[in-house]
Amino acid sequence: MRRFACVALLLPCLHAASVNAEVRLLLADTIRTGDPAQPVAGAMAWESTTGRVLDVGSADALQQRYPQAHRVDVGKSTVVPGLIDAHAHLVYLGNTLAQADLSGAKNRAEIIERLQAFEKTLAPGEWLLGRGWDQNRWDNTAFPTAADLDAAFPERPVYLDRVDGHAAWVNSAALRIAEAGGKSLLGDWQPQGGRIVRDAAGRPEGVLVDAAAALVADHIPALDDSAREKRLQVALQAAVGNGLTGVHDMGVSREDLALMKRLADEGKLPLRIDAYADGNQAALDDLCSSGLYQHAGGRLQMRGVKLFMDGALGSRGAALLADYSDDPHNHGLLMTTPEEFEAAVRKADGCKVQVATHAIGDRGNRIVLDTYEKVLGARKDSDHRWRVEHAQVVALDDIARFAPLGVIASMQPTHATSDMGWAEQRVGPERIKGAYAWQRYLHSGARLALGSDFPVEQVDPRLGLYAAVTRQDAEGQSPGGWQPDQRLSAAEALRGFTRDAAWAGHDETEVGMLQRGLRADFVVLDRDPLAVDPAELDNLQVLSTWVDGEPVYSASDTSHNES
């Protein structure tokens, strides 16, 4: 009963804690709190047993108020609220880090070289797995083929995820295994929500788009529990090492949630995971039968579902209202039918589960918005916080629908700078006006939550801040920024990775700002992201990452002084 009394009388309890419990006091040159009522401070106190903030203010005032506090002095550094990636894939990242890295390869020959080097680490007969290829970077931008891989790997099965995760490139050995599984890939049939790229004779050429990839992927041997845990732990450490204190993990299965629960039980989750169920499957069934899930430790929850509408723009699977500008007669793919999608949304709504839907193309986004509007009906003003993940190419009239429907645009800044070299070729000069249009959403009154979609992009929110503010890639292209009118200010970008990301996950009473009563999740940076030249945002150094007032990553033992 005492705990609930403290909830009812929060301020007296916090005052009592400052006197009777161990208090830690952070001193910094600048603390960017994210709190509009007190945006800048020089000190912050928190209770070590609860990890919750007690006080934020000037260094002099808090040192007088908490003279016996354990001090953490980070000197000239800048402290910001813990960074939250509003759309990412931790398990996928762990798997990717254990595979051949093909990102940035300039041609097929470089891909083969990297694969041959990686193959030396494999046992005989083991599948050769990799990810990150992007034909848009090559002189020949046509899809690759199985024949491109067969000379180097005639017997070992090869499966390579495209950079966006929406297409697979496989060799003939992998195709033979799939054929032996009993389903012929020959002919002119196509799986629902996918496309087998075939030659004129109906033979698969070696690229499987969206749902078609499962025809081969389902034959890759599953990992044992030990390997799955090890890979997830590697991903978690990569996240906190880049300043992330929270991740909205999009598409978590029942089995992966069980693994996360086990790590949470053992105190091995260094950050907060907002897990979103993997579509209308077992994890959503569990939420409907047992209720929304929240771990007692406060670092793991599942109360949302991630659905799919269409594919990706880079592999021409995004569903468009009109033909692709560079591929006539191709409108992209719907990964689920509108009827099946509406049924899944209604199911989630009936179970009080937050809905988040992947939608890239203007047709895909319109179907999602139409369905949301239909299902919500008169409840569109309720606090549902339904989301569109990516909202990448959207008709201008549909951008204006987000705010009135209360729908969050969950977007990834580095997608724009990765795609800017070819995106207009896909959709033309008019449709591109509604692509990666961050300021148009903000000006319409919509909420904008920011993330990376790692491992599609890198697990580094500093790259997202840089891309959002400059709309340039690491080499400074395009000069002045691509579609510069859509750039965000540094403050808007930081808010998208903190306060607004927290709000998108229904977490604003826990994290997102450094404010009394919230959790002491924060990042220590070498410089102030709101004061540096925008070109330096991707060069900020993460000195340490803190969750619940405890360090979960430190760049060095001398990054701060304690007393």
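The values are calculated or read from the model by the stated rules, or taken from the named source; none is laboratory data. A quick note: this is a predicted structure, and the numbers were derived from the prediction, not measured. All Cβ positions, even for glycine, are placed from backbone atoms using ideal geometry, and neighbour counts span all protein chains on display. Keep in mind that these areas ignore ligands, DNA and RNA; they rest on the heavy atoms of the full protein, side chains included. Shrake-Rupley method; radii C 1.70, N 1.55, O 1.52, S 1.80 Å.
At a glance:
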{"read-out": "Inter-site label distance for Asp73 and Asp526 at 7 Å from Cα along Cβ, in nm", "value": "2.2"}
{"read-out": "The stretch 118-214: antiparallel DSSP beta bridges as a percent of all, rounded to 5", "value": "65"}
{"read-out": "Solvent-accessible surface ranking, highest first, for Phe153, Phe118 at 1.4 angstrom", "value": "Phe118, Phe153"}
{"read-out": "In order through the stretch 104-116: 3J(HN,Hα) via Karplus (6.51 cos²θ - 1.76 cosθ + 1.60), integer Hz, x for Gly, Pro", "value": "x, 4, 8, 6, 5, 4, 5, 4, 4, 4, 5, 5, 5"}
{"read-out": "Heavy atoms of Glu536 accessible to a 1.4 Å probe, total area in Å² rounded to 10", "value": "70"}
{"read-out": "C-alpha center-to-center spacing [the stretch 473-487, the stretch 173-192] in angstrom", "value": "43"}
{"read-out": "Gain upon complete extension [Ala142, Asn539; 0.36 nm per residue less C-alpha separation]", "value": "139.5 nm"}
{"read-out": "Whole-Å distance, taken between Cα centres, linking the stretch 205-284 and the stretch 341-401", "value": "24"}
{"read-out": "Residue-averaged [θ]222 nm for the chain, counting only DSSP H segments that reach four residues, each worth -39500 (n - 2.57)", "value": "-9000 deg cm²/dmol"}
{"read-out": "Whichever aspartates and glutamates have a C-alpha closer than 17 Å to that of Lys374, once near sequence neighbours (fewer than 8 apart) are set aside", "value": "Glu339, Glu340, Glu342, Asp349, Asp383, Asp398"}
{"read-out": "Counting DSSP beta bridges with both ends in the chain, the antiparallel % (nearest 5)", "value": "50"}
{"read-out": "Solvent-accessible area of Ser325 with every protein chain in place, 1.4 Å probe, in Å² to the nearest 10", "value": "60"}
{"read-out": "28 Å Cα-Cα reach of Lys380 towards lysines, excluding residues that sit fewer than 8 places from it in its own chain", "value": "Lys306, Lys347, Lys352, Lys433"}
{"read-out": "Which of Ala378, Gly130, Leu540, positive extreme of dipole for the chain (C-beta unit charges)", "value": "Ala378"}
{"read-out": "Antiparallel %, DSSP beta bridges [both residues in the stretch 239-312], to 5", "value": "15"}
{"read-out": "Dipole-positive endmost among Leu54, Gly181, Gln38 within the chain (Cβ charges, Cα centre)", "value": "Leu54"}
{"read-out": "Rounded to the nearest 20 debye, dipole of the stretch 24-70 from Cβ charges on Lys, Arg, Asp, Glu", "value": "100"}
{"read-out": "Of the trypsin sites (Lys or Arg not before Pro) in the stretch 61-100, those whose Cβ has at most 11 other Cβ within 10 Å and which sit in DSSP loop", "value": "Lys76"}
{"read-out": "Amide H partners (placed H, <5 Å) of Gly332, local residues excluded", "value": "Leu320"}
{"read-out": "Test item: Cα-centred dipole of the stretch 341-446, Lys/Arg +1 and Asp/Glu -1 on Cβ, debye", "value": "240"}
